[in-house]
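J.: Supplied in C-alpha cells, the structure appears directly below.
Computed from the coordinates by the stated procedures, all read-outs in this text should not be read as laboratory data. Everything numeric in this text was worked out from a predicted model, so none of it was measured. Cβ: placed from backbone, ideal geometry, glycine included. Neighbour counts: every protein chain shown.
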Amino acid sequence: MGLVIFLALIVLILIIGLRIFKAFMILVWHPFVLTRRLKNQGISGPNYRIFYGNLSEIKKMKRESHLSILDPSSNDIFPRILPHYQKWMSQYGETFLYWNGTEPRICISDPELAKTMLSNKLGFFVKSKARPEAVKLVGSKGLVFIEGADWVRHRRILNPAFSIDRLKIMTTVMVDCTLKMLEEWRKESTKEETEHPKIKKEMNEEFQRLTADIIATSAFGSSYVEGIEVFRSQMELKRCYTTSLNQVSIPGTQYLPTPSNIRVWKLERKMDNSIKRIISSRLQSKSDYGDDLLGILLKAYNTEGKERKMSIEEIIHECRTFFFGGHETTSNLLAWTTMLLSLHQDWQEKLREEIFKECGKEKTPDSETFSKLKLMNMVIMESLRLYGPVSALAREASVNIKLGDLEIPKGTTVVIPLLKMHSDKTLWGSDADKFNPMRFANGVSRAANHPNALLAFSVGPRACIGQNFVMIEAKTVLTMILQRFRFISLCDEYKHTPVDNVTIQPQYGLPVMLQPLED
Ligand code: HEM
C-alpha cells in the first residue's frame with residue numbers, strides 16, 4: 001500500500017514538474033530565444049511581459065485612441081485604429097516584433113513581402129490562430145479557417161456559386177432589394193410637405209439591413225426577415241469577440257462553463273438552429289435543391305450514393321461564413337463610400353453624370369453597364385484603399401522559413417497592416433491621405449509604386465471569394481441610389497470615428513441628409 005502511494009506521488013510530482021517545465025518553456029524560454037533570434041536579424045520591438053506579452057499596452061493605447069474624434073475630412077485613420085502599430089513603427093521601424101500574449105507577431109508593411117507570403121501555395125504560411133469567439137462566428141469548418149485538402153475541396157465546391165452566370169442572377173436580387181429600400185426612402189420623403197424634402201438616414205443601419213437582405217436572398221433563397229435570427233446572433237457574437245480581443249487567450253478555457261462561454265454557446269445554438277430551419281425548408285421545397293450557394297452546398301451533401309463531398313456540419317459552418325462575410329464587409333464599404341461622396345460633392349456629380357449617360361435615370365444596371373461605369377469603379381477602389389473593411393491580414397509560419405531576407409521562425413505570425421500600406425506616401429505619393437479616385441484611372445496595378453499596394457481583397461489562393469459579388473453589389477446599390485437621391489451632407493451630429501469591430505465601421509453610425517432628385 002505504502003509503495004503504491006509512493007509511486008503515485010512520484011507520478012504526480014513528475015506530471016506537475018512536466019507541466020511547470022512546459023509553462024516555463026512557453027512563458028519564458030521561447031519568448032527569450034525568439035526575441036534574441038530576431039534581434040540578430042535587426043528586428044526589435046516592445047519588451048515581452050510574461051503571459052500578457054504586449055496586450056496591456058495595446059488595450060490602453062486603443063482605449064485612448066477610441067476617445068478621439070477625427071476631422072471628417074481626414075482620412076488618416078491608421079493611428080486611430082492601430083495606434084500600437086503606429087507607435088512601434090516610429091520606435092522600431094516598419095518591421096518589428098510584438099507579443100499578442102505569448103504569440104509572437106512580426107509586423108511587415110512591404111508589399112513585395114506581403115505578396116510573396118500571401119501567394120505561397122505550399123502551406124508554409126497558414127491562417128493564424130484566431131480567438132475562439134471569432135472562430136464560432138464563421139465556424140471552424142468554413143472556408144475562412146480551414147486549411148490544406150479541406151480548403152481545396154470546399155473552395156472547388158463553392159467557386160461556381162460566384163460564376164458569371166450566377167452573378168447575373170444575383171444582380172436581379174440586388175436590384176429588387178435595393179428598390180425596396182429606395183421605395184421606403186421615397187415614401188418617407190413624400191411625407192415632408194415642402195418643395196424640396198430632405199430625409200435623414202442612418203446609412204450604416206440602412207446598408208447593414210440591405211446587404212443582409214441581399215445575401216440572404218441571393219445565396220440562401222430566404223430573406224432578411226427569415227435570416228434575422230442568424231444576423232442577430234452573429235452581431236452578438238461579434239460583440240463577444242471584440243470585448244475578448246485584448247484579453248489573453250488561455251488554451252482550453254473556451255470549454256469552461258464561464259458566463260461569457262455560456263453566452264457564446266447559446267448564441268451559437270440559436271444561430272445554427274435558424275440555419276437548420278432554412279436548410280430543411282429548402283430540402284422540402286425543391287427536389288433539385290436549386291443553383292444558389294445553399295443549393296450547391298446541399299448537392300455536395302446529397303451525392304446520390306457516392307461519397308459525400310461535404311458533411312452537414314461543414315455546410316452549417318459555410319452558411320455561417322456566407323451569412324456573415326456576405327454582408328458585414330459590403331455594408332461598411334457602402335457606408336464609407338457614401339461618407340466620401342457626401343463630402344466630395346464634385347465626385348458625386350461626376351458619378352451621377354456617368355450613370356445617367358450609361359443607364360439613364362431609371363434603367364437598372366446589368367452586367368453590360370458595370371464595365372462602362374469607370375468612374376464608379378475608381379471611386380470604389382479609392383474607398384477600399386482609404387476605408388477598406390479589413391484592417392490587417394495575418395499568417396502563421398508553419399515551418400522555419402525565409403521571407404525576403406528575413407528568417408521567420410516556425411510558429412510566428414506575420415501581420416500585414418493594410419491600413420498602413422494603403423496610406424503609405426512612399427507607395428501612393430504625397431496625396432496618399434487625400435480622396436483622389438483619379439489615381440486609379442489607369443487601373444489598380446498602376447495606381448501606386450507597387451502593383452500589389454492595394455490588398456483590400458488580399459491576393460493569392462486565399463483571396464476573397466466574394467470580390468466580384470461585392471463589386472457588382474456596390475455598383476448596383478450606388479447606381480440606383482444616385483439615380484434617385486442626392487447625399488446632401490453628413491449630419492451635424494456625425495462623429496468621424498472609424499473603429500475596427502471585426503471590420504472597419506463608423507463607431508457612432510453614419511447619419512446623412514438626403515434629398516430626392518427632381519424628375
Ligand atoms: C468589401 C467587401 C469585402 C472585402 C474588403 C473582403 C476582404 C477579404 C479579404 C482581405 C479576405 C482574405 C482574408 C485573409 O486572407 O485572411 C477575404 C476572404 C474571404 N471573403 Fe471577403 N471581403 C469582402 C466581401 C466578401 C463577401 C461579400 C463574401 C461572400 C459573399 C466574402 C467571403 C469571403 C470568404 C469566404 C473568404 C475566405 C476565402 C478563403 O479563405 O478561401 N467576402 N475577404
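J.: Would you confirm, using the coordinates I've provided, whether ALA432 is more than 16 Å from the ligand (Cβ to nearest atom) and closer than 21 Å to MET378 by Cα?
T.: yes
J.: Scanning for something charged (D, E, K, R), loosely packed, with under 11 Cβ neighbours inside 10 Å and over 23 Å from the mean Cα position of the chain (by Cα), does segment 92-100 turn up at least one residue?
T.: No: segment 92-100 contains no residue that is charged (D, E, K, R), loosely packed, with under 11 Cβ neighbours inside 10 Å and over 23 Å from the mean Cα position of the chain (by Cα).
J.: Same structure, new question: Considering only segment 128-175, how many residues are away from the ligand (no atom under 13 Å from the Cβ), more than 20 Å from TRP265 (Cα to Cα) and crowded, with 17+ Cβ neighbours inside 10 Å?
T.: Residues in segment 128-175 being away from the ligand (no atom under 13 Å from the Cβ), more than 20 Å from TRP265 (Cα to Cα) and crowded, with 17+ Cβ neighbours inside 10 Å: 2 in total.
J.: Right, next: Among (1) crowded, with 23+ Cβ neighbours inside 10 Å; (2) touching a Lys or Arg at 6+ places or on another chain (Cβ under 7 Å); (3) closer than 28 Å to SER391 by Cα, which single condition is PHE370 missing?
T.: Unmet condition: (1).
J.: Quick test of your reading of the structure: LEU419 fulfils all but one of (1) hydrophobic (A, V, I, L, M, F, W, C); (2) in contact (Cβ under 8 Å) with a residue 60 or more places away in the chain; (3) within 19 Å of CYS107 (Cβ to Cβ); (4) within 9 Å of the ligand (Cβ to nearest atom). Name the failing condition by number.
T.: Only one criterion in (1) hydrophobic (A, V, I, L, M, F, W, C); (2) in contact (Cβ under 8 Å) with a residue 60 or more places away in the chain; (3) within 19 Å of CYS107 (Cβ to Cβ); (4) within 9 Å of the ligand (Cβ to nearest atom) is unmet by LEU419, namely (4).
Per-residue answers, yes or no, for (1) touching a helix residue (DSSP H, G or I) at 6+ places or on another chain (Cβ under 8 Å); (2) within 30 Å of LEU237 (Cβ to Cβ); (3) among the polar types (S, T, N, Q):
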| site | (1), (2), (3) |
| --- | --- |
| GLU313 | no, yes, no |
| LEU334 | yes, yes, no |
| HIS344 | no, no, no |
| GLU362 | yes, no, no |
| LYS374 | yes, no, no |
| ILE401 | no, no, no |
| ASP405 | no, no, no |
| HIS422 | yes, yes, no |
| LEU427 | yes, no, no |
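J.: From ALA453, ALA463, which residue is within 16 Å of the ligand (Cβ to nearest atom) and more than 20 Å from CYS107 (Cβ to Cβ)?
T.: Going through ALA453, ALA463 in turn, the sole match is ALA463.
J.: Identify the single condition in (1) in contact (Cβ under 8 Å) with a residue 40 or more places away in the chain; (2) among the hydroxyl-bearing types (Ser, Thr, Tyr); (3) in a helix (DSSP H, G or I) that SER68 does not satisfy, given that it satisfies every other one.
T.: (3)
J.: Would you be able to tell me the number of residues in segment 16-50 that are surrounded by fewer than 16 Cβ atoms within 10 Å (Cβ to Cβ) and not in a helix (DSSP H, G or I)?
T.: Summing the residues that are surrounded by fewer than 16 Cβ atoms within 10 Å (Cβ to Cβ) and not in a helix (DSSP H, G or I) in segment 16-50 gives 6.
J.: Filter segment 211-225 down to the residues that are within 23 Å of ILE472 (Cβ to Cβ) and surrounded by fewer than 24 Cβ atoms within 10 Å (Cβ to Cβ) and list them by number.
T.: THR217, GLY221, SER222, SER223, TYR224
J.: Keeping to segment 198-219, report how many residues are within 16 Å of the ligand (Cβ to nearest atom) and outside any helix (DSSP H, G or I).
T.: 0
J.: Restricting attention to segment 379-404, which residues are touching a residue at least 12 places away in the same chain (Cβ under 8 Å) and either farther than 26 Å from PRO79 by Cβ or away from the ligand (no atom under 16 Å from the Cβ) (or both)?
T.: Answer for segment 379-404, where residues must be touching a residue at least 12 places away in the same chain (Cβ under 8 Å) and either farther than 26 Å from PRO79 by Cβ or away from the ligand (no atom under 16 Å from the Cβ) (or both): GLU396, ALA397, SER398, VAL399, ILE401, LEU403, GLY404.
J.: Here is a further query. Within segment 309-320, how many residues are within 15 Å of the ligand (Cβ to nearest atom) and either within 15 Å of GLU229 (Cα to Cα) or hydrophobic (A, V, I, L, M, F, W, C) (or both)?
T.: 5
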